[in-house]
Structures are given as C-alpha cells and as structure tokens.
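Engineer: Supplied in structure tokens, the structure appears directly below.
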Amino acid sequence: MRLTPRGKLAALLVVQERSATILGDGSTRETWADSRELFAHVETRGGVDKAPANDLMVGMERRVAVVDFDEDWDWSIRDHRLKHGTTILNITAVSDPNLLHWKVELTVEELVT
C-alpha cells in the first residue's frame, strides 16, 4: 500500500492481458497472463441511473479503480483485467483514457468464481 499523488491509499494491482491460442482442432483457448503492476485505489461510488425496464431513476453503486499514472497505456475492456491477491476485477468501462493524462478511471466488477 502507498499514497497516490492525490493522497489516496493505493494498493498494488496486477494488470492481466488476455491471449488466445489456436489449438490443433481449430478451437481457441483463452488465457490470462500477468503483464505489469500498478498502484490504484478502488472506491465504491453511488449515483442514479435509469432502470432498463421502466426508465425510472434508481439508485446504483459501482466500483471504480482510479489509476494515477504518467505514461500512455492503451486500456481495452475486453483484453485487460485487474488482480489484487486472489480477487479478479473485470473492467467494464474506461473513462476518458486519452483525455486525462494524469489518471484513468476503470469501472470494475468482481469476478465471482
């Protein structure tokens, strides 16, 4: 754990990348490999959104991993996920990855196995 440049407590997370291998029978096998480590803080945010069934505004909660960084990183929702210990966090959205050059916010969902 360490503090981010903005004073938040950050944890060391592992970025995993997806790779696919074509097998002899033509099928593919997808695997995840650790590619790098980074510090980020994961927070829960509340808000409101429209319910898909009836367009009423309902409360919602989402988890966001805020990554402070100073380098370009091409975040892909499909090809990256985060790992913290044994917890896997799938990335479901990336906010302004090319506009904010000092941070990126990744909306994440915990993978339940």
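Engineer: Could you list, ordered by first residue, the pairs with Cβ atoms under 6 Å in which the first is in the range 18-42 and at negative phi and charged (D, E, K, R) and the second is surrounded by 10 or more Cβ atoms within 10 Å (Cβ to Cβ) and not in a strand (DSSP E or B), at least 6 apart or interchain?
Structural biologist: Sorted first by the residue in the range 18-42, then by its partner, the pairs are Arg18/Asp79.
Engineer: Quick check: anything in the range 19-34 at pLDDT below 85 and either under 17 Å from Lys103 (Cβ atoms) or touching a Lys or Arg at 6+ places or on another chain (Cβ under 7 Å) (or both)?
Structural biologist: No: the range 19-34 contains no residue that is at pLDDT below 85 and either under 17 Å from Lys103 (Cβ atoms) or touching a Lys or Arg at 6+ places or on another chain (Cβ under 7 Å) (or both).
Engineer: Also, I was wondering about something else. Do the conditions hold for Val64, that is, is it modelled with pLDDT of 70 or more, within 14 Å of the chain's Cα centre (by Cα) and closer than 15 Å to Lys103 by Cα?
Structural biologist: In short, yes.
The values are calculated or read from the model by the stated rules, or taken from the named source; none is laboratory data. Not measured: the values here are computed from a predicted model. In this analysis, Cβ positions are derived from the backbone assuming ideal geometry, glycine residues included, and neighbour counts consider all displayed protein chains.
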